[in-house]
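To keep things clear, I will list the structure first and then write my remarks on it.
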Amino acid sequence: MKQVISVKDLEEMVRGGKDVRSLPEGALLTPLARDFLRDLEGAKLYKASLAKDGRISEPEKPVTSKSSKAEIDAYFNSPKVNALKSQICDVGRRLWQREYVDGNGGNIAVRVGEDIALCTPTLVSKGFMKEEDMCLVDLEGNQLCSGNGKRRTSEILMHLQIMKRQPRAIATVHCHPPYATGFAVAGVEPPTCMIPEYEVFSSVAIAPYRTPGTPEMGMLVADLVDKHNTILMANHGVVAWSHNDVEDAYFKMEILEAYCRTVLVAHQLGKPVNTMTPAQLQDLLKIKQSLGIPDPRIGLKECELCDNEGWRPGVMCAVDGTADRSTVSVDAEAEVLVQAITDQIMNGSK
Ligand SMILES: [Zn+2]
């Protein structure tokens with residue numbers, strides 16, 4: 001029988017320093033494993049193209065937390081890492097301009113080696129960071145370098161736990177956007193099936209509240225990053241990871257925040273909102289899968305797709321898997337009717 005290779009197998013190989021091209025002959029790859037390989041190849045080609053341009057020169061042997069102090073310092077000040085520092089400052093400015101951070105809130109991390117990451121400093125507004133403020137840490141959170149003596153963010157453990165649990169996470173962004181944080185305070189997962197962009201790029205879950213910066217908080221978030229790229233942190237904020245770059249992790253915030261605002265506006269208009277059909281959602285999930293973005297709904301039957309329990313308790317898409325379109329719309333009408341009657345009863349009893 002042919003050997004089936006899953007994304008977990010590949011992740012283990014990468015973690016163990018093995019070459020993923022040395023797969024057994026005739027091995028079958030699962031769709032997610034294929035995406036994983038494509039991302040890996042894409043990242044390598046990108047690096048190679050930059051190297052050809054002379055814009056980035058990769059060190060001869062990869063720098064790790066075990067490299068000499070001189071090697072780590074040289075890498076920390078290399079054009080490659082300096083370019084990432086400037087990208088982090090840019091994302092920080094956008095977080096502040098969009099009012100996704102307040103005071104010294106929010107933090108950003110980017111993986112720059114097997115067990116090292118660049119991150120933002122503590123006690124600095126994300127809107128006014130300079131490249132020399134950035135810190136380099138190992139995956140346990142020990143600080144290895146800083147440009148001007150600043151300490152790493154106190155919430156770094158959460159970023160590192162995400163990176164350890166989800167090897168594809170190369171960048172993480174954490175902030176407190178008000179609308180999304182409102183959902184996190186209420187403990188409500190944003191309802192689904194309303195806007196394509198959100199369905200394609202975001203996979204949201206809620207992690208319970210723990211004191212920020214504690215290993216326990218990081219663990220609860222890390223438990224969710226296998227299937228989700230955007231985690232609402234109860235009574236706190238949001239953290240997102242990307243397998244592309246730091247700007248992509250930041251985009252997750254813009255998409256989530258715009259979505260939460262839109263959902264609230266839609267529900268204030270006094271009309272039942274229209275949602276996508278399970279078949280329409282299925283199409284979007286196919287695109288999502290092809291982009292290598294995880295979603296726990298990938299592979300579910302259409303009838304299992306739209307569970308908006310948290311938003312409107314007791315209301316759930318209950319389309320029979322064998323139903324044709326006409327039954328679907330009757331079900332939708334029935335749902336609207338039930339909602340209208342429920343509203344009447346609720347208003348009458350006040
Ligand atoms: Zn925070």
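The values are calculated or read from the model by the stated rules, or taken from the named source; none is laboratory data. Just so it is clear, the model here is predicted, and its values are computed rather than measured. A quick note on method: Cβ atoms are made from the backbone with ideal geometry, for glycine too, and the neighbour counts reach across all protein chains shown. Ligands, DNA and RNA are excluded from the accessible area calculation, which covers all protein heavy atoms including side chains. Shrake-Rupley method; radii C 1.70, N 1.55, O 1.52, S 1.80 Å.
Looking at the range 92-143, the strands (runs of 3 or more DSSP E) lying wholly inside it that each contain 1 or more residues that are of a type in the set (Asp, Glu) sit at 135-138. Against the list (1) at negative phi; (2) open to solvent by 20 Å² or more (accessible area, probe 1.4 Å); (3) free of Cβ contacts under 8 Å to residues at least 60 places away in the same chain, the condition GLY103 fails is (1). Give the residues of the range 93-107 that are within 18 Å of LYS130 (Cα to Cα), more than 9 Å from the ligand (Cβ to nearest atom) and not small (Gly, Ala, Ser), sorted by residue number. Correct list: ARG93, ARG94, LEU95, TRP96, GLN97, ASP102, ASN104.
Would you check if there is a residue in the range 152-159 being open to solvent by 10 Å² or more (accessible area, probe 1.4 Å), more than 16 Å from the ligand (Cβ to nearest atom), outside any strand (DSSP E or B) and in contact (Cβ under 8 Å) with a residue 12 or more places away in the chain? Within the range 152-159, none of the residues are open to solvent by 10 Å² or more (accessible area, probe 1.4 Å), more than 16 Å from the ligand (Cβ to nearest atom), outside any strand (DSSP E or B) and in contact (Cβ under 8 Å) with a residue 12 or more places away in the chain.
In the set LYS18, LYS47, only one residue is at pLDDT below 95, farther than 22 Å from GLN143 by Cα and in a helix (DSSP H, G or I); that residue is LYS47. Scanning the range 162-181 for residues that are within 11 Å of the ligand (Cβ to nearest atom) and either small (Gly, Ala, Ser) or surrounded by fewer than 23 Cβ atoms within 10 Å (Cβ to Cβ) (or both) yields a total of 2. Look at the range 234-255: where a residue is among the basic types (Lys, Arg) and a partner is open to solvent by 50 Å² or more (accessible area, probe 1.4 Å), sitting 6+ places away or on another chain with Cβ atoms under 7 Å, you get LYS252/PHE201. Beta carbons closer than 8 Å, at least 6 apart along the sequence or on distinct chains, pair a first residue in the range 1-30 that is closer than 17 Å to GLN166 by Cβ with a second that is of a type in the set (Lys, Arg) and in a loop (DSSP other than H, G, I, E, B) for GLU11/ARG168. Out of curiosity, is GLU216 acidic (Asp, Glu), surrounded by fewer than 21 Cβ atoms within 10 Å (Cβ to Cβ) and in contact (Cβ under 8 Å) with a residue 40 or more places away in the chain? No.
Report, by residue number, each residue of the range 59-76 that is open to solvent by less than 80 Å² (accessible area, probe 1.4 Å) and either assigned to a helix (DSSP H, G or I) or at pLDDT below 95 (or both). PRO59, ALA70, GLU71, ILE72, ASP73, ALA74, TYR75, PHE76 - these are the residues of the range 59-76 that are open to solvent by less than 80 Å² (accessible area, probe 1.4 Å) and either assigned to a helix (DSSP H, G or I) or at pLDDT below 95 (or both).
Taken across the range 230-244, residues that are more than 16 Å from the ligand (Cβ to nearest atom) and either open to solvent by 40 Å² or more (accessible area, probe 1.4 Å) or under 16 Å from VAL188 (Cα atoms) (or both) do occur, with at least one present. Every condition in (1) surrounded by fewer than 19 Cβ atoms within 10 Å (Cβ to Cβ); (2) in contact (Cβ under 8 Å) with a residue 60 or more places away in the chain holds for GLY127 except the one numbered (2).
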